[in-house]
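**Q** Have a look at this one before I ask anything.
The values are calculated or read from the model by the stated rules, or taken from the named source; none is laboratory data. It should be emphasised that the depicted structure is a prediction, and the values quoted were computed from it without experimental measurement. We place every Cβ from the backbone using ideal geometry, glycine too, and count neighbours over all the protein chains shown. Surface areas here come from the heavy atoms of the whole protein model, side chains and all, with no ligands, DNA or RNA. Shrake-Rupley method; radii C 1.70, N 1.55, O 1.52, S 1.80 Å.
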Amino acid sequence: AKRGRSATSSSATTVSEAVIASADDGYYDDMGMAFETTAAFLDIGFDDGMGISNSAWVRFQSVAIPNAAVIATAVLTFKVNANASAAFDMTIAGEDADDSSQYSSNMEAQSVSTTTATVTWTGDSSWSAGDTAVAPSIKTIIQEIVDRGGWSTGNDLTLQIIYGGDSVSSENYRFKTYDDSSSVAATLVVTY
């Protein structure tokens with residue numbers, strides 16, 4: 001799916017967005033050490049040797065959804081970069097902002113306010129490099145963002161994918177980024 005394409009029927013409009021800049025996707029750790037915006041992959045998981053967990057974000061620019069539009073569906077999709085090591089939970093949340101900016105530090109990525117609406121995504125231990133990983137519906141998250149008083153069509157939105165495993169054994173998921181190739185960057189498809 002390419003950025004900014006939309007299709008309208010008599011009852012619904014579909015907007016398809018992709019990450020379009022290097023700094024619009026990346027990952028960070030919970031100890032404040034890692035902040036990566038140029039890797040070919042998003043790293044979400046836990047390193048038991050280091051005792052740290054990694055979470056990630058994706059930012060979509062110029063999202064053409066009007067304020068207070070009623071969201072029918074919202075689908076977040078990634079391309080898998082490397083074989084999964086285990087099955088574990090992730091939490092998807094939106095940045096609770098009218099118009100999100102690119103993150104510039106680990107502290108910023110960790111400290112932004114997030115939406116009340118969240119979605120738990122249990123990953124698949126059988127994911128292999130090149131597979132497509134489709135998150136559960138995130139329409140409640142998108143609805144909360146576009147219902148904000150300051151949201152308007154063309155604003156930017158950021159989604160966080162937060163590690164939620166057992167924090168005991170090493171486990172990780174790796175998804176391709178814009179820096180791997182613009183053709184495999186994360187996509188968001190919303191129908192309203």
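**Q** What nm value, rounded to one decimal, do you get for the distance between ALA12 and SER169 when each label is placed 7 Å out toward the C-beta?
**A** With each label placed 7 Å out from Cα toward Cβ, I get 4.0 nm.
**Q** Same structure, new question: Just how large is the dipole of the chain about the Cα centre, in debye to the nearest 20, putting +1 at every Lys and Arg Cβ and -1 at every Asp and Glu Cβ?
**A** 820
**Q** While we're here: Once the dipole of region 54-192 is set up with Lys and Arg at +1 and Asp and Glu at -1 on Cβ about the Cα centre, which of VAL70, GLN110, SER128 lies farthest towards its positive end?
**A** Result: SER128.
**Q** Work through the residues other than THR38 whose Cβ is under 11 Å from its Cβ and net out their charges, Lys, Arg +1 and Asp, Glu -1.
**A** Result for the neighbourhood of THR38: -4.
**Q** Here's another thing I want to ask about it. Using only the heavy atoms of the protein chains and a 1.4 Å probe, how would TYR178, TYR173 rank by accessible area, largest first?
**A** TYR178, TYR173
**Q** To the nearest 10 square angstrom, how much accessible area does THR120 have with a 1.4 angstrom probe?
**A** Accessible area, nearest 10 Å²: 80 Å².
**Q** Separate question: State the Cα centre-to-centre distance between region 119-192 and region 14-32 in whole Å.
**A** Taking the Cα centre of each part, region 119-192 and region 14-32 sit 9 Å apart.
**Q** At 222 nm, what helix-only mean residue ellipticity would the chain give, in deg cm²/dmol to the nearest 500, using -39500 (n - 2.57) for each DSSP H run of four or more?
**A** Here the helix-only value at 222 nm equals -2000 deg cm²/dmol.
**Q** Which of GLY149, ILE52, MET90 sits farthest toward the positive end of the charge dipole of the chain, with +1 on the Cβ of Lys and Arg and -1 on the Cβ of Asp and Glu?
**A** Toward the positive end, the furthest listed residue is GLY149.
**Q** Could you give the alpha-carbon Rg of region 13-107 over 2.2 N^0.38 Å, rounded to two decimals?
**A** Compactness ratio reported: 1.21.
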